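K.L.:
Pasting in a structure now, in structure tokens, and then I'll have a few things to ask.
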Amino acid sequence: MTNDSNDPNQQSRVFKISDFSKVLDPKDIVLDVKAASKNELLKYLANLVSNSNTTVNTEEIYGKYLVREKNCPTDLGSGIALPHVQVESITKLTMLVVKLQRSIKWSKSESVDIVISFLVPETDKNYQYIPYLASVARLLLRPSFVQSLRQTKNKFAIVKLFK
């Protein structure tokens, strides 16, 4: 749980952090990735999913990432991006975490070295992925979480950070 309050006059609210064990698998975490550009990294993410799930359409995923980024870049500041797309060939909500060897230019004003991505089944009409996005956003507001995520060199330790 996290206690979020940006307004000192407002009563603090307690928010439950989502159970990431349902969407984050160690096989979907990759460290020290080489990518020269945002587009190259988005292609890498699409291929990462297809490595463990041969039924997904890599080009569809990559295309959805490109459209998403063109319409609304997903950089959050602090060197972190949160691209998320709904894809027909995805059957289960999936979270990916990629840490880059070197920062890449993500938008006009931001460079990124950590990417947290969600692939959402297109059939998810109940927006079940929204609490996960909100939980990630809340976690990223904690400087200690961001520091730990940035310093962690082990995919199992990253899974543990999201618990």
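The values are calculated or read from the model by the stated rules, or taken from the named source; none is laboratory data. On a predicted model such as this, the values are computed, not experimentally measured, just so you know. With ideal geometry, Cβ positions are generated from the backbone for all residues, glycine too; neighbour counts draw on all protein chains shown.
K.L.:
Condition test on Arg102, is it outside any strand (DSSP E or B), modelled with pLDDT of 90 or more and over 21 Å from Phe20 (Cβ atoms)?
P.N.:
Against the criterion (outside any strand (DSSP E or B), modelled with pLDDT of 90 or more and over 21 Å from Phe20 (Cβ atoms)), Arg102 does not qualify.
K.L.:
Only residues in the range 25-48 that are under 20 Å from Thr152 (Cα atoms) and in contact (Cβ under 8 Å) with a residue 24 or more places away in the chain count as the first member; pair them with residues that are in a helix (DSSP H, G or I) and among the acidic types (Asp, Glu), Cβ under 9 angstrom, at least 6 apart or cross-chain, and list the lot.
P.N.:
Lys34/Glu40
K.L.:
Something else about it: Within the range 115-125, track down each residue that is part of a strand (DSSP E or B) and either among the β-branched types (Val, Ile, Thr) or within 23 Å of Phe145 (Cβ to Cβ) (or both).
P.N.:
Val115, Ile116, Ser117, Phe118, Leu119, Val120
K.L.:
If you check Val112 against the conditions, is it part of a strand (DSSP E or B), within 13 Å of the chain's Cα centre (by Cα) and under 25 Å from Ser21 (Cβ atoms)?
P.N.:
Here the answer is no, as Val112 does not meet what is asked.
K.L.:
Surrounded by 14 or more Cβ atoms within 10 Å (Cβ to Cβ) and of a type in the set (S, T, N, Q), is that true of Ser144?
P.N.:
No.
K.L.:
If you don't mind, another one. So in the range 136-154, with the set limited to residues that are out of contact with any Asp or Glu (no Cβ under 9 Å at 6 or more places or on another chain), in contact (Cβ under 8 Å) with a residue 24 or more places away in the chain and in a helix (DSSP H, G or I), which one is nearest to Leu24 (Cα to Cα)?
P.N.:
Only one residue tops the list, namely Val136.
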